[in-house]
1. With both bridge residues required to lie in the range B:2-188, what share of the DSSP beta bridges run antiparallel, to the nearest 5%?
2. Given a cut-off of under 8 Å on Cα pairs at least six residues apart, what relative contact order in percent is computed for the range A:261-390?
3. Go through B:Q103, B:T195, B:T161 and say which Cα lies farthest out towards the positive end of the charge dipole of chain B; charges sit on Cβ, +1 for Lys and Arg, -1 for Asp and Glu.
4. In nm, one decimal, shortest first: how far is the label point of B:S305 (7 Å from Cα along Cα to beta carbon) from the matching points in the other copies?
5. For the rotation that superimposes chain A on chain B, which residue of A has the C-beta lying nearest to the axis, and at what distance in Å?
6. To the nearest 20 Debye, how big is the dipole of the protein assembly as shown about its Cα centre, given +1 on the beta carbon of each Lys and Arg and -1 on that of each Asp and Glu?
7. Where the label is 7 Å out from Cα toward Cβ, how close does B:N75 come to the same position in every other copy, in nm, shortest first?
8. Got the relative contact order for the range B:174-215 handy, in percent, Cα pairs under 8 Å and 6 or more residues apart?
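What follows is calculated from the coordinates using simple rules that are stated; it is not laboratory data. Computed from a predicted structure; not experimentally measured. For neighbour counting, all protein chains shown are included, and Cβ atoms are generated from backbone atoms with ideal geometry for every residue, glycine included.
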2 protein chains.
Amino acid sequence: MLQAIITNGQTGNKMKDIVVQKFGGTSVADTDKIKNVAQAIIREKNKGHDIVVVVSAMGHTTDYLVKMAHEISANPSSREMDMLLSTGEGVSIALLAMALQEQGCPAVSMNAMQIGIMTEKVHSKARIIDIKTEKIKSYLEQGKVVVVAGFQGITEDLEITTLGRGGSDTSAVALAGALNAIRCDIYTDVEGVYTTDPRIVPNASRLEQISYGEMLELARVGANVLHPRAVETAKQYEVPVRVRSTFKLDNLGTLILGVEKMELHKPVTGVASDLSQLRIVVCDVKDNPGTAAILFNGLAIANISVDMIIQSYARRELNTNDIAFTIDKGDLKQTLSILEKVKAQLEFSNVFVDDKIAKISIVGAGMIDRPGIAAKMFKTLADNNINIKMIATSEIKISCIVDENDAKKSVESLHEAFHLESDEIAEVRGTLPDV
Amino acid sequence: MLQAIITNGQTGNKMKDIVVQKFGGTSVADTDKIKNVAQAIIREKNKGHDIVVVVSAMGHTTDYLVKMAHEISANPSSREMDMLLSTGEGVSIALLAMALQEQGCPAVSMNAMQIGIMTEKVHSKARIIDIKTEKIKSYLEQGKVVVVAGFQGITEDLEITTLGRGGSDTSAVALAGALNAIRCDIYTDVEGVYTTDPRIVPNASRLEQISYGEMLELARVGANVLHPRAVETAKQYEVPVRVRSTFKLDNLGTLILGVEKMELHKPVTGVASDLSQLRIVVCDVKDNPGTAAILFNGLAIANISVDMIIQSYARRELNTNDIAFTIDKGDLKQTLSILEKVKAQLEFSNVFVDDKIAKISIVGAGMIDRPGIAAKMFKTLADNNINIKMIATSEIKISCIVDENDAKKSVESLHEAFHLESDEIAEVRGTLPDV
């Protein structure tokens with residue numbers, strides 16, 4: 001009897017490492033897919049881990065709910081939208097828990113209210129403040145897989161909130177952080193993070209590792225694998241995140257982790273292109289103190305994100321500057337109307353809009369301590385007769401604005417110049433152990 | 001300033017009477033129907049009432065969810081079924097709140113968790129223990145219509161429960177009780193409660209009033225207007241319930257209330273037929289003490305409801321009885337297997353099953369103090385050559401088992417004998433004020 005108790009103590013679930021798995025809407029789009037997901041979960045549990053699963057709403061559920069809401073109102077209240085949309089995950093967690101039970105795996109579904117995924121009181125884009133872990137841990141100790149509704153939260157006064165874009169990824173990563181999980185696996189329809197878009201460069205190679213910082217830069221410049229918010233959350237909690245394919249379970253995907261935990265660093269990890277921006281040049285702005293502030297403050301108030309900014313002397317004799325900046329194409333109309341309002345104050349001559357641009361970025365944590373990377377980028381583009389319209393740099397990223405028609409050639413030449421193609425990568429990086 | 005405060009005090013929302021309105025799944029089956037329901041709500045609010053609305057899941061949502069669950073598991077856990085099914089009302093309350101807001105009516109949706117509709121910890125058929133009213137009242141004081149998810153509840157430890165059949169009706173009536181509402185309006189696809197099934201007797205008349213007791217008896221014998229559980233809850237809280245049509249808002253339907261509040265009593269209010277039962281006769285049961293107990297205890301343990309029971313001397317010389325009883329047709333197989341098990345103890349000779357029966361009932365609170373009603377029923381049936389196989393009576397109901405083929409004639413002749421046709425009723429009962 002005593003021995004039994006000791007044995008329990010040694011092999012009890014409390015001792016197991018926790019892995020958080022997240023499955024998106026396409027992975028749970030119908031009941032057959034849900035059964036497959038259940039198998040992927042059991043496979044991971046059989047490795048000896050405690051499993052917490054985060055799921056999104058099934059397939060097109062959210063689109064369907066949004067459509068009904070818009071049949072009723074052009075502008076439905078965000079509180080009621082959150083009430084409406086949060087039901088989607090209620091369906092998928094219940095069905096997935098049933099599928100697990102059906103395959104002999106004890107499981108229990110939990111929504112944000114039952115767990116206590118506490119958010120600020122902001123509808124449609126709430127931020128997580130705190131996650132209670134007591135109940136989840138108690139279920140894990142009973143040997144159950146805990147199936148959690150992603151995307152949703154609850155406020156102190158029991159209002160239902162949703163986390164907005166990238167919400168379920170963020171739920172999963174934040175849960176992994178709160179539970180001190182050894183890893184958060186994001187199952188998706190891509191096989192991982194690539195050195196560049198394989199549709200542009202066919203021999204782009206899958207990265208086995210990437211740092212949070214690199215991933216953030218890649219995510220922001222258009223590699224739509226993981227929402228930047230989820231990456232930021234992972235960085236904050238230092239949760240290793242593995243992006244992998246739901247449909248190729250043997251493929252380990254890409255592990256996103258702290259740069260200090262990475263193995264080898266090449267100076268450049270990936271190349272990305274982004275066609276979603278346009279460039280505005282405001283000409284002959286009077287060079288008075290505070291003119292730039294007037295302009296960009298106006299844009300900030302209207303919630304327009306400005307990416308790159310360059311100010312240059314236009315006509316020295318008139319003491320004026322040209323101010324060039326990039327914005328999302330969708331913000332053009334509003335930006336022009338703001339420019340109209342501040343025209344009298346800024347005294348500019350005219351405004352040029354260039355909407356045929358591409359932003360080409362090279363990203364790499366390794367470039368910090370290796371000089372000459374920027375020079376190599378500029379030379380590569382020059383050698384290919386590609387004109388650079390703007391340049392911006394951060395510690396681990398260099399971005400150039402080029403003509404839209406040069407986007408493909410830019411990515412191809414840079415990918416080649418920095419030796420990112422498949423074979424080389426495989427050689428340099430070797431194989432990672434499954435953490 | 002002082003005057004403004006006094007005026008507020010006089011006309012403030014606190015002073016208003018509360019009406020609870022309940023709309024079933026067919027009333028909110030699509031977004032157009034939801035918009036119509038919003039109009040019906042605003043119409044009632046404009047009469048000067050505070051409105052709490054209870055809605056079911058949209059149209060076939062529940063069927064769709066159940067179908068998916070069964071694609072995954074033949075026998076899904078009731079906890080996960082409750083998690084799954086409770087999402088249906090989440091959708092309809094959010095959409096209805098949006099529709100009200102869109103029509104300029106302040107509204108807020110609330111689920112069982114947000115309100116605190118506390119139930120016992122039993123999945124799929126929980127009973128309501130307590131309903132918190134603070135938050136609802138606070139929203140009503142702000143002039144809002146509160147749209148409540150029917151059918152669902154929550155336990156003390158935040159487990160989601162559902163109330164089972166008739167759940168949304170029960171939610172509505174219980175809320176009306178807890179809020180001390182002046183009335184609970186159940187909007188449905190029928191126009192009210194009739195003296196008998198209008199498909200059998202075309203000149204059946206709509207009852208303007210009926211007592212809780214009569215409604216309970218009618219509900220149990222097959223008038224599918226309101227679930228007995230909801231009627232019982234209404235009786236317990238003394239909530240007047242009006243059953244009315246969603247599609248004919250000018251029709252006041254039928255008011256169900258305490259017998260002491262009713263106006264005129266005819267001895268018989270309605271006639272009902274029920275074809276869902278069958279009769280079992282267990283022959284030559286040894287007349288030992290406790291034999292009936294052995295039989296009916298066995299059925300009770302298997303959760304089989306026995307309706308009518310008659311024990312009669314079979315063969316006096318052998319000291320045996322015949323025991324006849326009626327059960328739902330669906331319970332036959334299980335009943336026979338229980339009979340098999342107790343055969344040795346009861347020493348009966350054989351079992352007859354008669355599945356071609358109809359139960360014909362006359363119901364009326366007025367029959368309590370008027371003798372001769374039963375005699376008139378039996379004579380009416382005899383005059384029509386209808387043989388009576390079993391009889392059972394309660395204070396306000398007399399039921400006879402007849403041959404299935406005599407069902408229609410029984411109802412017609414009794415309806416005529418007790419003068420329940422349209423004109424007579426209208427004359428006797430007059431018109432009720434809209435309470």
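1. Roughly 25 percent of the DSSP beta bridges within the range B:2-188 come out antiparallel.
2. Contact order relative to length: 42 percent.
3. Of the options given, the answer is B:Q103.
4. 5.9
5. Looking at chain A's Cβ atoms against the axis toward B, the nearest is A:T87, 2.
6. About 560 debye.
7. Those separations, rounded to one decimal, come out as 5.5 nm.
8. Normalised by residue count, the contact order of the range B:174-215 is 25 percent.
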